[in-house]
Amino acid sequence: MELIPIAASAPTPVFALPALMRMTPPGLQALIVEAHQDANPGRTFMQMAYVFMLSNQHEAAIQMQTRALQHQRLYRIANDRTTTLRLLVIMGPGNMQDNTPIEFVLDGSDIQTDILYLLPDEPFPETLPEHDVAFIAVGESDKNAALLAHLEARMQRWPRPVVNQPRAIPHCARDTCYALLKSIPGVCVPKTQRIRMGDATEMDYPITIRPIDTQGGEGLQRVNSDAELTAYYAAHTAQAYYAAQYVDYQSGDGLYRKLRIVLIDGAPYICHLAISSHWMVHYLSAGMAESPEKRREEQRMMEGFDQDFARRFQVQLREIARALQLDYVTIDCAEGPGGDLLVFEADSRGIIHAADPVHIYPYKPAVMQKAFDAFSALLRQRAGI
């Protein structure tokens, strides 16, 4: 079978979010002025897309990205280091809810990172840019299903090794993940169904419900009765939802604890521990920065992860990685009330980073570097470098 040809390319460099987050206000302003004066409209619009992402202006960011992709599809993450590996990242249009935010994992590395954007309703490129290894960053969603199928149809002809095969990315769908992991001994996954608006569920209350293709707790609610479910439907407009059995994982001190772990080539690396008084735990709203006590506990967990949590659940984590069949995937999990590994979700788009202020989280950079080094080692091993 003839492989997809590789052709010389000239990607347009842009500064991604990690670099923008380190810039001073005057430096960022100078970058914005420079971008607007650039003769390359693709770079202007894509750079501004990242600037709007930085300021959480997501609608404006998508508008800028859409205009950038009208001019060109290939961009390079600006890097002033001498590079030793060429990585091609495949993305679809959208933001960090649509694609793996891989720039945080590769920040500061000597890996040349080019991003090729593909659109599902357009013909596949006749040639691919030069690269040593490719990474499929397109995330699982209804929106991305066609693009993932588009990519899977080309895998046998792909000219270089590929990390995260597109056929396995749909394993992260919440109902599919439940089906794949529910039979692993020592793993508890809340029963999850995909339902349409107005449908009842097969589960006893309480349940949680959220619209399909949402992240970060958007639209997520605990429902305790038929009346509450009817009220929930009345307040939302989505046509499809995930309903899941609610599992009470509150600790004896009244708090809820949730870990984010990344599985890289089957090995687990801790990314954070969020501790909250609310059952819907998200790191940004858990008050970690305001609580030295919570941060001390997170530090103990992160620094002792390999000897404690990862060792106690090594069999379960290994079997989860085997079931998901992804080279890189995050899982949000907790130690369940019965001592099982309670898994809330798996996602190849889960953000992992070392961007938290070091004066508040001095223990994080060294721990996170283990994960970043493992990912770089995986890319080199697959590329044969």
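Computed values, structure above
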quantity	calculated
Any chance GLN47 is at negative phi and surrounded by fewer than 21 Cβ atoms within 10 Å (Cβ to Cβ)	no
Test for ARG86: is it touching an Asp or Glu at 6+ places or on another chain (Cβ under 7 Å), closer than 27 Å to VAL162 by Cβ and in a strand (DSSP E or B)	yes
Criterion: more than 30 Å from PHE344 (Cβ to Cβ) and crowded, with 22+ Cβ neighbours inside 10 Å - qualifying residue of LEU106, LEU116, LEU128, LEU151	LEU128
Residue check, GLY186 under 30 Å from ARG300 (Cα atoms), touching a residue at least 60 places away in the same chain (Cβ under 8 Å) and under 18 Å from the mean Cα position of the chain (by Cα)	no
Among (1) over 20 Å from GLN97 (Cα atoms); (2) of a type in the set (Asp, Glu); (3) in contact with a strand residue (DSSP E or B) (Cβ under 6 Å, 6 or more places away or on another chain) - the single one ASP175 does not satisfy	(1)
Checklist (1) within 22 Å of the chain's Cα centre (by Cα); (2) surrounded by fewer than 19 Cβ atoms within 10 Å (Cβ to Cβ); (3) within 30 Å of ASP142 (Cβ to Cβ) applied to MET21, failing item	(3)
Flag if ILE195 is under 18 Å from THR330 (Cβ atoms) and not in a loop (DSSP other than H, G, I, E, B)	no
Residue tally, condition assigned to a strand (DSSP E or B) and touching a residue at least 60 places away in the same chain (Cβ under 8 Å), over the stretch 137-161	0
The lone exception for MET280 - which of (1) within 15 Å of the chain's Cα centre (by Cα); (2) modelled with pLDDT under 95 it fails	(1)
Search result, residues across the stretch 348-385 that are of a type in the set (A, V, I, L, M), in contact (Cβ under 8 Å) with a residue 60 or more places away in the chain, under 22 Å from ARG300 (Cβ atoms) and surrounded by fewer than 20 Cβ atoms within 10 Å (Cβ to Cβ)	ALA355, ILE360, ALA374
Subset of the stretch 202-215 (residues that are crowded, with 18+ Cβ neighbours inside 10 Å and free of Cβ contacts under 8 Å to residues at least 60 places away in the same chain)	ILE207, THR208, ILE209, ARG210
Boolean, SER109 is touching a strand residue (DSSP E or B) at 6+ places or on another chain (Cβ under 7 Å), in contact (Cβ under 8 Å) with a residue 60 or more places away in the chain and part of a loop (DSSP other than H, G, I, E, B)	no
Subset of the stretch 304-347 (residues that are free of Cβ contacts under 8 Å to residues at least 60 places away in the same chain and in a helix (DSSP H, G or I))	PHE309, ALA310, ARG311, ARG312, GLN314, LEU317, ARG318, ALA321, ARG322
For ALA35: the one exception among (1) among the small types (Gly, Ala, Ser); (2) touching a Lys or Arg at 6+ places or on another chain (Cβ under 8 Å); (3) within 13 Å of ASN95 (Cβ to Cβ)	(3)
Residue check, THR44 assigned to a loop (DSSP other than H, G, I, E, B), over 22 Å from the mean Cα position of the chain (by Cα) and among the polar types (S, T, N, Q)	no
Residues satisfying the stated conditions in the stretch 34-44, i.e. of a type outside the set (A, V, I, L, M, F, W, C) and surrounded by fewer than 18 Cβ atoms within 10 Å (Cβ to Cβ)	GLU34, HIS36, GLN37, ASP38, ASN40, PRO41
Within the stretch 51-89, tally of residues that are closer than 21 Å to ARG382 by Cβ and crowded, with 21+ Cβ neighbours inside 10 Å	4
Qualifying residue in the stretch 287-302 (condition: part of a loop (DSSP other than H, G, I, E, B), of a type in the set (Asp, Glu) and touching a helix residue (DSSP H, G or I) at 6+ places or on another chain (Cβ under 8 Å))	no
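For (1) modelled with pLDDT under 95; (2) under 23 Å from ASP107 (Cβ atoms), each residue gets a yes or a no:
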residue: HIS36; (1), (2): yes, no
residue: VAL51; (1), (2): no, yes
residue: ALA61; (1), (2): no, yes
residue: THR66; (1), (2): no, no
residue: ASP80; (1), (2): yes, yes
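Residue by residue, here is whether (1) closer than 30 Å to VAL162 by Cβ; (2) within 21 Å of the chain's Cα centre (by Cα); (3) of a type in the set (A, V, I, L, M) holds:
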site: CYS333; (1), (2), (3): yes, yes, no
site: LEU341; (1), (2), (3): yes, yes, yes
site: GLU345; (1), (2), (3): yes, yes, no
site: ARG349; (1), (2), (3): yes, yes, no
site: HIS353; (1), (2), (3): yes, yes, no
site: PRO362; (1), (2), (3): no, no, no
site: VAL367; (1), (2), (3): yes, yes, yes
site: PHE372; (1), (2), (3): yes, yes, no
site: ALA377; (1), (2), (3): yes, yes, yes
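The values are calculated or read from the model by the stated rules, or taken from the named source; none is laboratory data. Remember, it's a predicted structure, so these values are computed and weren't measured experimentally. Note: ideal-geometry Cβ built from the backbone for every residue, glycine included; neighbour counts use all protein chains shown.
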